[in-house]
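Here's the structure, in structure tokens; my notes come after.
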């Protein structure tokens, strides 16, 4: 914990790193353009006289691709040069935004065509997010990672605090096409900075996993990582209720406050200002409170402020309440993001973040549709009051699922494994491989051994082992055999190279309990399927049997 404390004391510490500083500035400008474009898209939908459900779907069309494509994007980010992935995603966003600009300029927009382009922009963001967030660990050291995650949120919300109001003025003065054109230009700076960045890429000693296998490995890792699973559950519940503010804010500006696009932009700006304040306040609060307690307080504040927005007909009160939701928003999501990054080793961090985003944006996508439908049936104000109640109920549901403090986890690879020599020739695709380890455990240590082996099973399966079993020798009560499979010899090597320093505690406990030499006897065997050869033999025998006269 000592090495993390300095990063918490100085939120600006990551700016010492030149690459992070340059990318942060360029991405903040790009976010500024994206938010101006978002104001234009949402207000254009209102001006097209679309129903409330269609207005809310502008948010859903951005969130849905993140839910659908993030895992694929995370696997690509982990398997390829993240810088090139980022450049490709930014170029795609540039051309999608250019298409939307041209549609608006030539007055060709319809509600469904507008949703199509916002969906395409969401697709670009889906591929950009895992690569961008996982690349932060390549720009700053681990001790500065919490601060860097928070600063990224600060950058986005600095843009949010000014961009929407500017976007509202641009839309009011020059129309949505001008807002879209500004967004197109905002991508150029970030593309230029990324093109000049030359990260230190660790030498790859093993071939890349196939994308399908990489996606499965990411799902398996997260499924066997309790720290991350808790975040996924909590983020989905938070996304479901919290998106009501952003999805219905255009209607709040028009119906509850009787304003126009500028009012909507000012409300979004208040959300951004609150988020910036929340970043600083949350950083200070985490020095005194646990991440769990900070997120609980922020969630309660978000729920109460959402209900106030639903009840308030007064612009100043609504403005303050929206700012509170912005502050709570950044505290909760930056806390979740930090836990996922600190609980994931580098080889899988893109996929872990992708699954986190799928959970969050899945909740947001469902919530965008849900609150739009509720607003149509029961008014915007009542929909926001119900959303606040849902957020409070979600927090109660999440009480048994506490976030763990993960700052002191050392997830650097152990780098102690070297592939052993074998008497039987093997290649990368040789397999399946069956591995057994034999332990000599005193009867008095049996309970402790079973406890540590439960954790061993989780780690083995998390890193790719299959058919894990623990066997006890009936002829020798002290002899225990750990057995598991991996599909190929290459998978066996990968499995062992994924072991982290945090996992070493399990090995040390087993070393203490095992009464023989360490490491324990290990057998590595190739499994052979003899059914095909038996069928071949039967095929040779059957013709002869047909000639026998019974």
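Here are the numbers for this structure:
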item: Residue identified as within 22 Å of the chain's Cα centre (by Cα) and either in a loop (DSSP other than H, G, I, E, B) or over 26 Å from residue 228 (Cα atoms) (or both) among 435, 406, 447, 424; result: 406
item: Test result for residue 266, part of a helix (DSSP H, G or I), closer than 30 Å to residue 399 by Cβ and in the same structural domain as residue 146 (by TED's automatic domain parsing); result: no
item: Filtered residue count, region 191-237, keeping only those that are in a loop (DSSP other than H, G, I, E, B) and closer than 20 Å to residue 403 by Cα; result: 2
item: Residue 102 vs. criteria closer than 18 Å to residue 36 by Cα, touching a helix residue (DSSP H, G or I) at 6+ places or on another chain (Cβ under 9 Å) and touching a residue at least 40 places away in the same chain (Cβ under 8 Å); result: no
item: Close pairs (6 angstrom Cβ cut-off, 6 or more residues apart or separate chains): under 28 Å from residue 234 (Cβ atoms) in region 403-418, at pLDDT 80 or above and part of a loop (DSSP other than H, G, I, E, B) anywhere; result: 406/343; 411/345
item: Residue check for residue 113: modelled with pLDDT under 90, farther than 17 Å from residue 33 by Cα and within 24 Å of the chain's Cα centre (by Cα); result: no
item: Members of region 443-458 that are under 21 Å from residue 522 (Cβ atoms) and touching a residue at least 60 places away in the same chain (Cβ under 8 Å); result: 445, 449, 452, 458
item: Flag for residue 171 being part of a helix (DSSP H, G or I), assigned by TED's automatic domain parsing to the domain that holds residue 39, crowded, with 23+ Cβ neighbours inside 10 Å and at pLDDT below 80; result: yes
item: Filter result for the condition that a residue is in a helix (DSSP H, G or I) and touching a helix residue (DSSP H, G or I) at 6+ places or on another chain (Cβ under 6 Å), over 116, 120; result: 120
item: Test: residue in region 56-71 that is more than 20 Å from the chain's Cα centre (by Cα) and over 25 Å from residue 245 (Cβ atoms); result: no
item: Matching entry among 141, 111 (being surrounded by fewer than 24 Cβ atoms within 10 Å (Cβ to Cβ), within 17 Å of residue 43 (Cβ to Cβ) and assigned by TED's automatic domain parsing to the domain that holds residue 192); result: 111
item: When residues of region 489-509 are limited to those that are more than 17 Å from residue 225 (Cβ to Cβ) and in contact with a strand residue (DSSP E or B) (Cβ under 7 Å, 6 or more places away or on another chain), the one surrounded by the most Cβ atoms within 10 Å (Cβ to Cβ); result: 492
item: Residue in region 295-311 that is modelled with pLDDT of 85 or more and closer than 21 Å to residue 133 by Cβ present; result: yes
item: Single match in 131, 126, 148, 159 (criterion: under 24 Å from residue 265 (Cβ atoms), buried (at least 23 other Cβ atoms within 10 Å of the Cβ) and out of contact with any strand residue (DSSP E or B) (no Cβ under 8 Å at 6 or more places or on another chain)); result: 159
item: Any hit, region 469-477, residues being more than 22 Å from residue 502 (Cβ to Cβ), within 28 Å of the chain's Cα centre (by Cα) and not assigned by TED's automatic domain parsing to the domain that holds residue 352; result: no
item: Residue list for region 312-343, restricted to those being over 23 Å from residue 289 (Cα atoms) and either assigned to a helix (DSSP H, G or I) or modelled with pLDDT of 90 or more (or both); result: 315, 316, 317, 318, 319, 320, 321, 322
item: Filtered residues of region 401-454 (kept if at pLDDT 90 or above, closer than 20 Å to residue 499 by Cβ and surrounded by 14 or more Cβ atoms within 10 Å (Cβ to Cβ)); result: 433, 434, 435, 436, 437, 438, 439, 449, 452, 453
item: Number of the exception - residue 75 against (1) touching a helix residue (DSSP H, G or I) at 6+ places or on another chain (Cβ under 7 Å); (2) surrounded by fewer than 24 Cβ atoms within 10 Å (Cβ to Cβ); (3) within 19 Å of residue 132 (Cα to Cα); result: (2)
item: Selected residue [surrounded by fewer than 21 Cβ atoms within 10 Å (Cβ to Cβ) and in the same structural domain as residue 147 (by TED's automatic domain parsing)] from 275, 343, 285, 323; result: 285
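Listed here are the residues, each with its yes/no results for (1) free of Cβ contacts under 8 Å to residues at least 24 places away in the same chain; (2) closer than 24 Å to residue 367 by Cβ; (3) within 13 Å of the chain's Cα centre (by Cα); (4) not assigned by TED's automatic domain parsing to the domain that holds residue 353.
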{"position": "218", "(1), (2), (3), (4)": "no, no, yes, no"}
{"position": "228", "(1), (2), (3), (4)": "no, yes, yes, no"}
{"position": "234", "(1), (2), (3), (4)": "no, yes, yes, no"}
{"position": "253", "(1), (2), (3), (4)": "yes, yes, no, no"}
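The values are calculated or read from the model by the stated rules, or taken from the named source; none is laboratory data. Values in this document were obtained by computation on a predicted structure and should not be read as measured data. Don't worry about glycine lacking a Cβ; one is built from the backbone with ideal geometry, like all the others, and counts go over all protein chains shown.
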